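Colleague: Below you will find the structure I want to go over with you.
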Amino acid sequence: MARVWKFSDSINTDLITPGRYNMTTDKAELGRIAFIEHRPEYAQGVRPGDFVVAGRNFGCGSSRETAVYALKANGISAIVAKSYARIFYRNCINNGVMALVAPAEFVEAALDGDDLSIEGGRLVNRTRNRSVPVSLPPLMIRLREFGGILNFLKTHKIEELEAKADVPAPKEFKACKIEGIGAGAERTTARKAPRASSGQSKKKDILFK
């Protein structure tokens, strides 16, 4: 069973990987310090396949990429949130971490320990008997299958990300697929967030509707 770890709005990167612990580039060690001050039981209890579910503006604050490294090291299936900070969202894509957007009602109904899964393009909470469609951007799926953009670029050109959606993933990363994602899965593309104008803050969170 893939469990939910529930968090509130505006979880910043300092809460994910606190500065005084963020002194290593070892990704396994970063996984062990995830939420170590904000929620110590998380790193001790999280299991591969679990989900992080949160409110608005997840990943705000500093642009430290170690926050994404830590969650990836935990082996989570995906982050499910109402919205994301832009830089954090981009870091998730680059590192092959699924960052999915769900309706507020679905997020608010989810509680710690709920049984969550992704099935055929839908988020399914079996505990709450709820199901909603979820956008699975092909670029995000592709980079997850390869373990991130750096692994992809070791053997492919950047143009292939858009030109060839059927580029086979290397065997060592195929195991990271989750139910409903991969060949034959329903794929829908998220709308791009509008660019901030000169009079708007560039730190707005990413909202998908």
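Colleague: Just one of (1) open to solvent by less than 10 Å² (accessible area, probe 1.4 Å); (2) at positive phi trips up Gly61, so point out which.
Modeller: Looking at each condition in turn, Gly61 falls short on (1).
Colleague: Consider the range 41-56. How many of its residues are open to solvent by less than 30 Å² (accessible area, probe 1.4 Å) and part of a loop (DSSP other than H, G, I, E, B)?
Modeller: 4
Colleague: Residue pairs, Cβ under 7 Å, 6 or more apart or interchain, first in the range 31-42 and over 16 Å from Val97 (Cβ atoms), second at pLDDT below 95 and open to solvent by 60 Å² or more (accessible area, probe 1.4 Å). List them.
Modeller: Pairs that qualify, where the first residue is over 16 Å from Val97 (Cβ atoms) and the partner is at pLDDT below 95 and open to solvent by 60 Å² or more (accessible area, probe 1.4 Å), are Ile33/Tyr21; Ile36/Tyr21.
Colleague: Something else now. Among the residues of the range 1-40, write down those that are modelled with pLDDT under 95 and in a strand (DSSP E or B).
Modeller: The answer is none; no residue qualifies.
Colleague: If a residue counts only when it is surrounded by fewer than 23 Cβ atoms within 10 Å (Cβ to Cβ), at pLDDT 95 or above and over 12 Å from the mean Cα position of the chain (by Cα), which strands (runs of 3 or more DSSP E) contained entirely in the range 64-155 have at least 1 such residues? Before you say what the answer is, go through the steps one by one.
Modeller: Working: elements: 78-81, 83-85, 99-101, 116-119, 122-125, 130-133.
Qualifying strands (runs of 3 or more DSSP E): 116-119, 122-125, 130-133.
The values are calculated or read from the model by the stated rules, or taken from the named source; none is laboratory data. All values derive from a computational prediction rather than experimental measurement. Heads up, the Cβs are rebuilt from the backbone with ideal geometry, glycines too, and the neighbour counts pull from every protein chain shown. For the accessible areas, the whole protein counts, side chains as well, though only heavy atoms, and no ligand, DNA or RNA atoms are used. Shrake-Rupley method; radii C 1.70, N 1.55, O 1.52, S 1.80 Å.
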